[in-house]
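Below: one structure, written as structure tokens.
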Amino acid sequence: HRHLLGIAGLNQLEINALLDLSEEAVDISRRIEKKKVALKGRTQINLFFEASTRTQSSFELAGKRLGADVMNMAVKNSAVSKGETLLDTAMTLNAMHPDILVVRHAAAGAPQLLARKVGCSVINAGDGAHEHPTQALLDALTIRRHKGTLQNLVVAICGDILHSRVARSNILLLNAMGAEVRLVAPSTLLPADVEALGVKTFRDMRKGLDGADVVMMLRLQLERMNGAFVPSIREYFHFYGLDEEKLKYAHQDAIVMHPGPMNRGVEIDSSVADSGRSVIHEQVEMGVAVRMAVIETLAKNSLELGPEDLD
Ligand code: CP
């Protein structure tokens, strides 16, 4: 592939190859000299139309650790504020000959649209409620490092599934790798196509967590709800917030994950988020490694594919 637009379209072999290369990137990132020269002379542009702490900074570090020249486009100060469209902005940047364009946008499908127009590799860093593929890969790497494999693991993804690109990418990846995926949420926070996702759904969190190997919490995305979230935050925490009492239902070695940013006291209690069961900071570390592996793989693929192959 020339682009990484989603987990959809990746097979088990390709996912494993990215995770294996990420392991090497973990080692590089833990050294004092954190450089590999795979991307020397290449240009990477990060184009983020939505806020980000983890994804943008880790893409920047990943590109730099591979030796690329990395430019962060400051969208707020750009001509986007004067009404320039997404496509015109991307084509303007494309004229400067980047090799990699990392895009985050509120509209589902925005990176796919750009991938058809620009001459470089496009990486989806999150598009609306559609996909966030590098998040799913970093979650998979974190799980694999703790559990050895993803096959047959029971993973409970809990909370606001409806608005979550993280959940969608994780469901696709975990299904592809042979894990058992459970979704734990009130019916109002489940997508309409949930039946087609090949997962089990639970409204009772204690039943959903029963025996789970991995508990993945999601942020309640109030900014995507237009004020239409009916239960109060206190009620939501009572039924769906992860606290020590509910975590007791999961396997005794279960790990607790959260993609961040966290709303403490809304979907997760601090006593769990800051406990020894939590791998939240390790997820952030794996984020740099996975993004290094993705950038390096795409750069290698585009050399092999040549300019006329537009996959
Ligand atoms: N998990 C994640 O995408 O975090 P950011 O929004 O901070 O990038």
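Per the Cα gyration tensor, segment 24-70 maps to an equivalent ellipsoid with semi-axes of 20, 14, 6 Å, ordered largest to smallest. Can you bin segment 36-148 into rounded, prolate or oblate? Criterion: square roots of the alpha carbon gyration tensor eigenvalues sorted a ≥ b ≥ c, rounded for a/c under 1.5, prolate for a/b above b/c, oblate for the rest. In terms of gyration-tensor shape, oblate. Computed on the Cα atoms alone, the convex hull of segment 162-260 gives a volume of 104 cubic angstrom per residue. Taken as entire DSSP H runs, the helices of the chain never both span 20 Å or more between Cα atoms along their own long axis and average 1.6 or more on the Kyte-Doolittle scale. With the simple model of a label 7 Å out from the Cα in the direction of the Cβ, A108 to H238 spans 3.2 nm. Average accessible surface for segment 37-101: 50 Å² per residue, computed with a 1.4 Å probe over protein heavy atoms with every protein chain in place.
Each Lys and Arg contributes +1 and each Asp and Glu -1, all at the Cβ; summed about the Cα centre of segment 256-303, the dipole is approximately 180 debye. Computed per residue of the chain from DSSP H runs no shorter than four, each worth -39500 (n - 2.57), the mean residue ellipticity at 222 nm is -11500 deg cm²/dmol. Accessible surface computed residue by residue for segment 108-179, with neighbouring protein chains in place and a 1.4 Å probe, gives 25 Å² per residue. All C-alpha pair distances within the chain, sorted into 10 Å bins from zero, spread as 6, 28, 34, 23, 9, 1 percent across the bins.
Note on segment 1-89: Kirkwood hydrodynamic radius from all Cα pairs is 15.3 Å, rounded to one decimal. To put it simply, the accessible area of segment 35-179 at a 1.4 Å probe is 53 percent carbon and sulfur.
Residue by residue, segment 253-267 carries 3J(HN,Hα) couplings of 9, 4, 9, 10, 10, 7, x, x, x, 8, 9, 5, x, 10, 10 Hz when phi is fed to the Karplus relation 6.51 cos²θ - 1.76 cosθ + 1.60 (θ = phi - 60°); x denotes Gly or Pro.
Put a dot 7 Å past the Cα of V37, heading toward its Cβ, do the same for T201, and the two dots end up 5.4 nm apart.
Here A95 and L305 are evaluated by their C-beta separation; at R0 = 30 Å the FRET efficiency comes out at 0.90. For Q56, neighbours were defined as the other residues whose beta-carbon sits under 12 Å from its Cβ, and their charges (Lys and Arg +1, Asp and Glu -1) total +1. Using equal-weight Cα scatterers in the Debye expression, the normalised intensity of segment 112-197 in log10 at q = 0.23, 0.25 Å⁻¹ is -1.13, -1.24.
Please compute the modelled spin-label separation between R264 and A74, points set 7 Å along Cα→Cβ, answer in nm with one decimal. Taking the simple label geometry, A74 and R264 are separated by 3.1 nm. A convex hull fitted around the alpha carbon atoms of segment 265-305 yields 79 Å³ per residue.
What separates the Cα centres of segment 14-75 and segment 257-307 is a distance of 12 Å. Volume per residue for segment 201-311 equals 163 cubic angstrom (convex hull of Cα atoms).
The values are calculated or read from the model by the stated rules, or taken from the named source; none is laboratory data. What you are looking at is a predicted structure, and each value in this text was computed from that prediction instead of being measured. For neighbour counting, all protein chains shown are included, and Cβ atoms are generated from backbone atoms with ideal geometry for every residue, glycine included. Calculation scope for accessible area: heavy atoms of the full protein, side chains included, ligands and nucleic acids excluded. Shrake-Rupley method; radii C 1.70, N 1.55, O 1.52, S 1.80 Å.
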